[in-house]
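Rule-based calculations on the coordinates, nothing more; no lab input. Computed from a predicted model, the values in this text were never measured in an experiment. All Cβ positions, glycine included, derive from the backbone under ideal geometry; neighbour counts span all protein chains shown.
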Amino acid sequence: MIVPSTTDPSVTGTERNATVVVIGAGQAGLSAAYHLQRRGFTSATDDPDVARTFIVLDSEDAPGGAWRHRWGSLTMATVNGIFDLPGFPSPSVDPREPSSTAVPRYFAAFEREHTLPILRPVTVASVHRADDAPDGDLLTATGDGSWRSRVLVNATGTWTNPTWPDVPGRESFAGRQLHTHDYVDAAEFAGRRVAIVGGGISAIQHLAEVSRVATTFWYTRRPPEFRDEFTPEEGGRETIAKVRADVEAGRPTGSVVSYTGLIWNQYAEEARDRGALRRRPMFTCIETDGVREQDDALTSVDVILWATGFRAALGHLDPLGLRNDLGGITMRGTQVAGEPRVHLIGFGTSQSTVGANRAGRDAVSAIVRYLDR
């Protein structure tokens, strides 16, 4: 559903021009920038009058994207893995090094190698159609003026949009509540009673750590499904096919685990062996001192840690009216169906690091075809 929108009246300051605006400088955004540069697009900050230019707007104040904010115990040995940025093999790293330092260092080296036109920190407020013409320009409003472009590549990921379930009584809880987004270290929960909510990879990692220093209770809406192994060849193809079917049908996509299941890895097995993976059905409500179980018993807890995932951070695109009646966005490859000027990468089938690389390349190929017409 495409809803025409006029220029945002809150847009003030300088208006600059670029053929393509890329929002976000994580793996997907860097891949798009690399392929734009290879296809002859130049920096919009150097010479805005050349034929085809681009700019990358990043809300972070340094390279690394969401990796800059991962908790310290998420080391390179325990992450699901990162895929090399295009044409730039990742160096060997100490597996004990936190991913929050290793990955940003790698991203920074890539940016320096290619002298990419990245402006930061720049917060995008909204994206509007500059006029009502179906093939007119797009206007990206930021805290420092706006950018007028022919095409928009959105690579904002999910980290800034954590999911907080709507559970009765959540506002009445007297203890501490936090999300994976805010998790730093298990040591801060020492000696506490901690409810960990969620059936994904982060929940298992939190359980494995926090259960060493605290009494933990694990809650999920559905019984978790573990699989012994996940092969990129077979399992990856199967997962991509499922996600592609959802996005092409305009259905909202689920978490990665909802498609792949959980994998028995070293920290999951260790937590299981210590008895930390005893799952409880989701509690019915939250009260001042704890959570109300399915059997109506009250379990006293000091902390609720919501490992309930993230959703795509797309609120700034709402003025474009891209969502359908199901709440999803119908896609054709990286392009929004019905709005070929907007590409979503690091979204749907390209949420993984290898998928993000491919999506950057595919988006640029589609952009060149669109502009050539």
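Values as computed for the structure displayed
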read-out: Length released on extending from Leu326 to Asp182, taking residue separation times 0.36 nm less the Cα-Cα span; value: 48.8 nm
read-out: Kirkwood hydrodynamic radius of the stretch 16-66, Cα pairs, Å; value: 11.2 Å
read-out: Environment charge of Gly145, counting only residues whose C-beta is closer than 11 Å and scoring Lys/Arg +1, Asp/Glu -1; value: 0
read-out: Calculated over the stretch 37-117: convex hull of Cα atoms, volume per residue (Å³); value: 96 Å³
read-out: Cα gyration tensor shape of the stretch 22-174, rounded if a/c is under 1.5, else prolate or oblate by comparing a/b with b/c; value: oblate
read-out: Length released on extending from Asp94 to Leu371, taking residue separation times 0.36 nm less the Cα-Cα span; value: 95.3 nm
read-out: Under the Debye formula (equal points on every Cα, no solvent term), log10 I(q)/I(0) of the stretch 268-367 at q = 0.15, 0.19 Å⁻¹; value: -0.79, -0.92
read-out: Theoretical FRET efficiency, 1/(1+(r/R0)^6), r = Cβ-Cβ of Thr115 and Glu171, R0 56 Å, to 0.05; value: 0.70
read-out: Gained length - Arg105 relative to Glu248, 0.36 nm times residue gap less alpha-carbon distance; value: 47.9 nm
read-out: For the stretch 275-349, size of Cβ-based charge dipole, Lys and Arg +1, Asp and Glu -1, in debye; value: 500 debye
read-out: Where Rh is the Kirkwood radius over Cα pairs, Rg/Rh for the stretch 74-114; value: 0.96
read-out: Packing-based ranking, highest mean first, of 356-363, 72-79 given that Cβ atoms within 10 Å are counted; value: 356-363, 72-79
